[in-house]
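The values are calculated or read from the model by the stated rules, or taken from the named source; none is laboratory data. Here the structure is a predicted model, which means the values were calculated and not measured. Glycine gets a Cβ as well: all are built from the backbone with ideal geometry, and neighbour counts include every protein chain shown.
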Amino acid sequence: MLTARLIPCLDVRDGRVVKGTRFQNLRDMGDPAELAARYEEQGADEIVLLDVAATRASAETAVATVARVRARLGIPLTVGGGVRTADDAGGLLTAGADKVSVNSAAVARPDLVAEIADRYGRQCCVVAVDARRQQGRWCVLTHAGTREARPDAIAWIDEAVRLGAGEILLTSWDEDGRGQGYDLALLAAARRAVPVPIIASGGGRTADHLADALSAGASAVLVASVLHDGTSTVASLKGDLIGKGHPIRT
């Protein structure tokens, strides 16, 4: 059985880690390089860094931030936000990212997924999907949740994988920042649709939440607030998951 991954997420704006609910009411949580190093020391398997500003003006800051984080980090780093071209992805990979996550631009122009996968390998290509429940299914949101872009998130996930996505970062917009657990039905539906790893995001705060997500089909769990607020640590969460019978990297 493959071991699951525990991945701290750093939402970054103007070079600082922030956290809110559905990208609103953002609070400053600290320096991304310092937090990344701290979570690696605690036993994190990877780090995800997402630029929540995601504008052209922030692109230079994002590259500089990636370089600073990489200088402190030895584990894999996935970076997303504002990636509109394969060249954008290449700039982040050159700065120190191991994988690049695409979201809004890929929904608008799906060929972007194939371009990144063809140029850098599908193992570098992560497609982030923000999904919201709507009339018995999940729609796809883009532009930090401000636009409904596609009516069926599961269909988009299937298309993205066929285009070359090597991994899906799946966020429940309904649960993001609430700390009440992941959308397990969404994870299970995505797991049935595609064979690639799925990272569960949005709502996880306790070891029970993480365990439920892994049981629903997630290959990895993304955590943020519980670590940033000091409620728990990577090592503690991993220990709890092992105690619940989940094979976790140690």
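What pairs can you find where one residue is in segment 32-48 and among the aromatic types (Phe, Trp, Tyr), the other is buried (at least 20 other Cβ atoms within 10 Å of the Cβ), and their Cβ atoms are less than 8 Å apart, with a gap of 6+ or different chains?
Partner pairs satisfying both residue conditions: Tyr39/Pro8; Tyr39/Ile47; Tyr39/Leu227; Tyr39/Val234.
State all residues of segment 47-65 that are β-branched (Val, Ile, Thr), in contact with a helix residue (DSSP H, G or I) (Cβ under 9 Å, 6 or more places away or on another chain) and modelled with pLDDT of 95 or more; if no residue qualifies, say none.
Matches in segment 47-65: Ile47 only.
Tell me which helices (runs of 4 or more DSSP H) are completely within segment 53-127 and hold 3 or more residues being at positive phi and of a type outside the set (A, V, I, L, M, F, W, C), or say none if there are none.
So the answer is none; nothing clears 3.
So, in segment 157-183, of the ones that are of a type outside the set (Gly, Ala, Ser) and touching a Pro at 6+ places or on another chain (Cβ under 9 Å), which residue ends up surrounded by the fewest Cβ atoms within 10 Å (Cβ to Cβ)?
By that ranking, first place goes to Glu159.
Hey, among the residues in segment 184-203 that are in a loop (DSSP other than H, G, I, E, B) and at pLDDT 95 or above, which one's surrounded by the fewest Cβ atoms within 10 Å (Cβ to Cβ)?
Going through the qualifying residues, I end up with Pro195.
Evaluate the following for Ala144: is it among the hydrophobic types (A, V, I, L, M, F, W, C), outside any helix (DSSP H, G or I) and in contact (Cβ under 8 Å) with a residue 60 or more places away in the chain?
yes
Kindly establish whether Ile154 is touching a helix residue (DSSP H, G or I) at 6+ places or on another chain (Cβ under 6 Å) and either within 15 Å of Lys99 (Cβ to Cβ) or buried (at least 22 other Cβ atoms within 10 Å of the Cβ) (or both).
In short, no.
Evaluate segment 162-169: report whether one residue or more is hydrophobic (A, V, I, L, M, F, W, C), at pLDDT below 90, under 24 Å from Leu49 (Cβ atoms) and assigned to a loop (DSSP other than H, G, I, E, B).
no
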